């Protein structure tokens, strides 16, 4: 009995380490590639030890198009998070205080809408934006990102909000505070951790989003994921630049992601339209 | 008498709901309005577009053509192929994601030295931009550039031209999908496992159950509901591999990795036949909902109950 359970533990441990290797190996490979010269990149057998060079990083950061893409990605992600928060926080607050089928059906409708593949929204938005001259604008992309970020934030905040004690807001209500006063003065300070976590997750989704950015931008508001793909298409596949740029886009997503990993489940199970 | 008073009670409950909700509705209405404008309106527009001949290439005026796009769709071999390929790319990686995810969750559940770090490593793909995932695997499968075929040759296996042959291109994308979304399955299972009552394991251990018996008779039955949730989400979101297909194969070679939503993209934004593309994506969406209908209803009831808390 005892030996069997040790064997099981060892087996699981081994599986975990192997899987950890499977996860890390390709990322490591990409990181190495970003430090190789083009000659080393295609060497056979592959070089694990070589003289690293930062040429690719200098090339990427000397590229004005890439710098513009960083700015665009940042503006669009932050803009969409701020706008989403303004819409989603009152909604999550209202839904938390509502009861009965109205609340249930609202939560359901929000979830259902998130489950629809992005391509369904993309075609009409393209037609509409073409007509309204919103193609290739920051605000155009910010608006589209609301489709996934508003439901994400509502669905993440709802359980967090439900977990804080209701006594304080009840007491303020009896003292004659209006719902708006309770939201701003009593509840908001209590859920600020949850708001931060959901903002970060929404930021990551915007930062990583590819499909909408690919179609709804042209030249001026290209975001990072699209800019990387452009290295692939136009510049004769410069793998050094592609891998260096990839490293740049991964790192913020990773760092922020690790910070909010505890809240991941709520965010992820509310679904993500990415394609 | 009791039967007659029932509806009255219900009416009272409803009234009390209405009264207590009335002050909060105005907080929810703006969000509902925004969501409706951004989603329901486009969906209705897609339905309308799918019945037109809208194309940005031809100069003829756009006409209402009823169901013509849909009729053409089922004569379009490329569409039928894309459905088959969607099925492969949705259901191919799924069993592996479930199996590996399950054992990964069991591993995460163990208290072992270094497990904190290992858990961090496991969830890396969850924040990974899908586009970079695609680029990374394209690198790995490109001859010379990625080491895969070299290391396979060391153990005597002649690696195929991964992205150059239809069969292996599909396999390559499946591998990327397994890498990318197994952690999601694992974390869902792991979270569920932490809520399992400890005394059940305790009791079964005292009864002399072995580890595999515990797995079979305690863990797996408890995981059934979570597994359903995971499967529905994985199927609905499986086509989020669009960016991966986009960079790894662009739907090729010879259209062999083109999924339905990829074909909708090609038809809509490369051939610029927006009307036809709308009918493609709507037909696919309808099929998805029909397949997932019963499971989704069950899931929504469960999720709805969670939202109720």
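The values are calculated or read from the model by the stated rules, or taken from the named source; none is laboratory data. All figures in this text were calculated on a predicted structure; none of them were measured in a lab. Note that we place each Cβ from the backbone using ideal geometry, even for glycine, and neighbour counts take in every protein chain shown.
Check region B:12-24 and report whether any residue there is modelled with pLDDT of 80 or more and not assigned by TED's automatic domain parsing to the domain that holds residue B:279.
Looking through region B:12-24, at least one residue is modelled with pLDDT of 80 or more and not assigned by TED's automatic domain parsing to the domain that holds residue B:279.
Which of the residues that make up region B:251-278 are surrounded by fewer than 17 Cβ atoms within 10 Å (Cβ to Cβ) and either closer than 19 Å to residue B:134 by Cβ or in contact with a helix residue (DSSP H, G or I) (Cβ under 6 Å, 6 or more places away or on another chain) (or both)?
Correct list: B:252, B:253, B:270.
Based on this model, can you work out whether residue B:182 counts as surrounded by 15 or more Cβ atoms within 10 Å (Cβ to Cβ), in contact (Cβ under 8 Å) with a residue 24 or more places away in the chain and more than 9 Å from chain A (Cβ to nearest Cβ)?
No, not satisfied.
So that you can scan it fast, the table gives a plain yes or no per residue for (1) loosely packed, with under 14 Cβ neighbours inside 10 Å; (2) more than 7 Å from chain A (Cβ to nearest Cβ); (3) more than 23 Å from the chain's Cα centre (by Cα):
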site: B:22; (1), (2), (3): yes, yes, yes
site: B:27; (1), (2), (3): no, no, yes
site: B:40; (1), (2), (3): yes, yes, no
site: B:46; (1), (2), (3): no, no, no
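When you scan region A:65-174 for helices (runs of 4 or more DSSP H) that lie fully inside it, which ones turn up with 3 or more residues that are surrounded by 17 or more Cβ atoms within 10 Å (Cβ to Cβ) and within 10 Å of another protein chain (Cβ to nearest Cβ)?
A:101-115, A:118-132, A:138-163
Listed here are the residues, each with its yes/no results for (1) at pLDDT 85 or above; (2) touching a helix residue (DSSP H, G or I) at 6+ places or on another chain (Cβ under 7 Å).
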position: A:180; (1), (2): no, no
position: A:187; (1), (2): no, yes
position: A:201; (1), (2): yes, yes
position: A:204; (1), (2): yes, yes
position: A:210; (1), (2): yes, yes
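Of all residues in region B:133-166, which are at the interface with chain A (Cβ under 7 Å from one of its Cβ atoms) and at positive phi?
Within region B:133-166, just B:144 meets the criteria.
Evaluate the following for residue A:177: is it free of Cβ contacts under 8 Å to residues at least 24 places away in the same chain and in a loop (DSSP other than H, G, I, E, B)?
Yes, satisfied.
Can you find a residue in region A:37-56 that is more than 12 Å from every other protein chain (Cβ to nearest Cβ), assigned to a helix (DSSP H, G or I) and in contact (Cβ under 8 Å) with a residue 60 or more places away in the chain?
Yes, region A:37-56 contains a residue that is more than 12 Å from every other protein chain (Cβ to nearest Cβ), assigned to a helix (DSSP H, G or I) and in contact (Cβ under 8 Å) with a residue 60 or more places away in the chain.
Specify which of the listed residues (B:86, B:172) is more than 9 Å from chain A (Cβ to nearest Cβ) and either crowded, with 22+ Cβ neighbours inside 10 Å or in contact with a strand residue (DSSP E or B) (Cβ under 6 Å, 6 or more places away or on another chain) (or both).
B:172
Applying the selection to region B:41-55, what residues are closer than 9 Å to residue A:124 by Cβ and in contact (Cβ under 8 Å) with a residue 40 or more places away in the chain?
Correct list: B:46, B:49.
Those residues that are farther than 30 Å from residue B:240 by Cβ and part of a helix (DSSP H, G or I), I need them from region B:167-210; list them, please.
Answer for region B:167-210, where residues must be farther than 30 Å from residue B:240 by Cβ and part of a helix (DSSP H, G or I): B:198, B:199, B:200, B:201, B:202, B:203, B:204, B:205, B:206.
Among residues belonging to region A:33-64 that are crowded, with 19+ Cβ neighbours inside 10 Å and over 19 Å from residue A:232 (Cβ atoms), point out the one that is modelled with the lowest pLDDT.
Among them, the one singled out is A:46.
A quick yes/no check of all residues on (1) more than 22 Å from the chain's Cα centre (by Cα); (2) within 13 Å of another protein chain (Cβ to nearest Cβ):
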site	(1), (2)
B:207	yes, yes
B:248	no, yes
B:253	yes, no
B:279	no, yes
B:284	no, yes
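Out of A:240, A:267, A:194, A:275, I need the residue that is at pLDDT below 90, touching a helix residue (DSSP H, G or I) at 6+ places or on another chain (Cβ under 7 Å) and assigned to a loop (DSSP other than H, G, I, E, B). Which one?
Within the list A:240, A:267, A:194, A:275, the selection yields A:275.
Is there a residue being touching a helix residue (DSSP H, G or I) at 6+ places or on another chain (Cβ under 8 Å), assigned to a loop (DSSP other than H, G, I, E, B) and surrounded by fewer than 24 Cβ atoms within 10 Å (Cβ to Cβ) anywhere in region B:147-158?
For region B:147-158, residues touching a helix residue (DSSP H, G or I) at 6+ places or on another chain (Cβ under 8 Å), assigned to a loop (DSSP other than H, G, I, E, B) and surrounded by fewer than 24 Cβ atoms within 10 Å (Cβ to Cβ): present.
If a residue has to be at the interface with chain A (Cβ under 9 Å from one of its Cβ atoms) and part of a helix (DSSP H, G or I) to count, how many in region B:97-132 make the cut?
Number satisfying all stated conditions: 21.
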